[in-house]
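The values are calculated or read from the model by the stated rules, or taken from the named source; none is laboratory data. Being a predicted model, the structure only gives us computed values, none of them experimental. Neighbour counts are summed over all protein chains in view; Cβ atoms, including those assigned to glycine, are modelled from backbone coordinates with ideal geometry.
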Amino acid sequence: MKYKRILLKLSGEALMGGRQYGIDPARLKEYATEIKQVVEKGVEVAIVIGGGNIFRGVAGASNGMDRVQGDYMGMLATVINSLALQSALEEERVFTRLQTAITMEAIAEPFIRRRAVRHLEKGRVVIFGAGTGNPYFTTDSAAVLRAIEINADVILKGTRVDGIYTADPEKDKNAVKFDNITFEEVMNKGLKVMDMTAFTLSQENELPIIVFDMNKKGNLLKVVSGDNVGTTVNL
Ligand code: UDP
């Protein structure tokens, strides 16, 4: 395996599958199976999952809700998704721990970096819930932050497109995919990989990002093996 410790970032929307809202159990099971495959290869896996399928802070704010209040609702949404994923992984007999940035003792451990690393060393999948615990951030930022904290080799951003293109491939059929691209090129070309806060945090800490299609069976294992799947953003 090319990577020994990974941080997998999944968007909340990905969990919707074909639905308009919430969680699609079939999609959840597929993800659990994909994750299990890499765990079985001895790869240490940490996961951050978004909450956009349930609630987005900015959406609340645009409807007149207090932004900070909305952001906390968004963070709680990520905990709901984290619990769902934890349950799906355990169904596949993968050992897991959930740690949250906002303490909720009855359902998860608090985030403790050393403890998270210990879990990883023991082969447990660690899910980080509640984002960074702060409003005005995204789960992409949480993913990069946790990845740096646990010394992950790479951040894997699972999406529904298979990489970074010269233009939005869902809108422009002449768009061409990059296999490799530098952080600087992404900036100069104005491409969107993550929000700027997350992106620059990754760049400053020399943490490569791989954007890949998580919905294609076997792709996660391929990425972790070092196969040429998706787009790698590097220094
Ligand atoms: N959020 C936040 N701080 C964080 C992470 C998330 O306030 O550190 C809130 C924010 O309101 C965001 C929502 O949680 O809109 C859901 O997260 P995100 O949009 O990143 O999820 P995704 O789009 O990946 O599903």
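Which numbered condition trips up ASN219, out of (1) touching a helix residue (DSSP H, G or I) at 6+ places or on another chain (Cβ under 8 Å); (2) closer than 14 Å to ILE155 by Cα; (3) not aliphatic (A, V, I, L, M)?
(2)
What is the one condition in (1) touching a residue at least 24 places away in the same chain (Cβ under 8 Å); (2) in contact with a strand residue (DSSP E or B) (Cβ under 9 Å, 6 or more places away or on another chain); (3) within 21 Å of GLY17 (Cα to Cα) that GLN99 does not satisfy?
With (1) touching a residue at least 24 places away in the same chain (Cβ under 8 Å); (2) in contact with a strand residue (DSSP E or B) (Cβ under 9 Å, 6 or more places away or on another chain); (3) within 21 Å of GLY17 (Cα to Cα) applied to GLN99, the lone miss is (3).
Can you tell me how many residues in the range 84-98 are within 15 Å of the ligand (Cβ to nearest atom) and surrounded by fewer than 22 Cβ atoms within 10 Å (Cβ to Cβ)?
1
Are any of the residues in the range 42-50 outside any helix (DSSP H, G or I), closer than 21 Å to LEU156 by Cα and charged (D, E, K, R)?
Yes - at least one qualifying residue is present in the range 42-50.
For the range 112-135, which residues satisfy the criterion of being closer than 14 Å to ALA101 by Cβ and surrounded by fewer than 22 Cβ atoms within 10 Å (Cβ to Cβ)?
Listed by number, the residues that qualify are ILE112, ARG113, ARG115, ALA116, GLY133, ASN134, PRO135.
If we keep just the residues of the range 161-182 that are at pLDDT below 95 and either in contact with a Cys (Cβ under 9 Å, 6 or more places away or on another chain) or under 30 Å from ASP71 (Cβ atoms) (or both), which is nearest to the ligand (Cβ to nearest atom)?
VAL161
Going by the structure shown, is GLN69 assigned to a helix (DSSP H, G or I) and more than 20 Å from the chain's Cα centre (by Cα)?
So GLN69 passes the test.
Of the conditions (1) among the small types (Gly, Ala, Ser); (2) within 14 Å of the ligand (Cβ to nearest atom); (3) at positive phi, GLY158 clears all except one; give me its number.
If we test GLY158 against (1) among the small types (Gly, Ala, Ser); (2) within 14 Å of the ligand (Cβ to nearest atom); (3) at positive phi, just (3) comes out false.
Somewhere in the range 142-159, is a residue farther than 22 Å from ARG115 by Cα and touching a Pro at 6+ places or on another chain (Cβ under 6 Å)?
No: the range 142-159 contains no residue that is farther than 22 Å from ARG115 by Cα and touching a Pro at 6+ places or on another chain (Cβ under 6 Å).
Name the pairs whose Cβ atoms lie under 9 Å apart, with the first residue in the range 182-195 and in contact (Cβ under 8 Å) with a residue 40 or more places away in the chain, the second assigned to a helix (DSSP H, G or I) and among the hydroxyl-bearing types (Ser, Thr, Tyr), and 6 or more positions between them or separate chains?
Pairs found: PHE183/THR200; PHE183/SER202; VAL193/SER202; MET194/SER141; MET194/SER202; ASP195/SER141.
Taking the range 32-80 on its own, how many of its residues are free of Cβ contacts under 8 Å to residues at least 12 places away in the same chain and near the ligand (Cβ under 8 Å from one of its atoms)?
Number of matching residues: 1.
Kindly indicate whether any position in the range 137-150 is surrounded by fewer than 17 Cβ atoms within 10 Å (Cβ to Cβ) and in a loop (DSSP other than H, G, I, E, B).
No.
Any idea which residue in the range 1-31 is surrounded by the most Cβ atoms within 10 Å (Cβ to Cβ), counting only those that are within 16 Å of the ligand (Cβ to nearest atom) and of a type in the set (A, V, I, L, M, F, W, C)?
LEU7
I'm trying to understand the selection: among the residues of the range 51-66, which are assigned to a helix (DSSP H, G or I) and within 19 Å of the chain's Cα centre (by Cα)?
GLY57
Do we have ILE148 as within 16 Å of the ligand (Cβ to nearest atom) and not hydroxyl-bearing (Ser, Thr, Tyr) here?
For ILE148, the condition - within 16 Å of the ligand (Cβ to nearest atom) and not hydroxyl-bearing (Ser, Thr, Tyr) - is met.
Could you go through the range 183-193 and let me know if any residue there is surrounded by 15 or more Cβ atoms within 10 Å (Cβ to Cβ), under 17 Å from the mean Cα position of the chain (by Cα) and either modelled with pLDDT under 95 or under 26 Å from PHE111 (Cβ atoms) (or both).
yes
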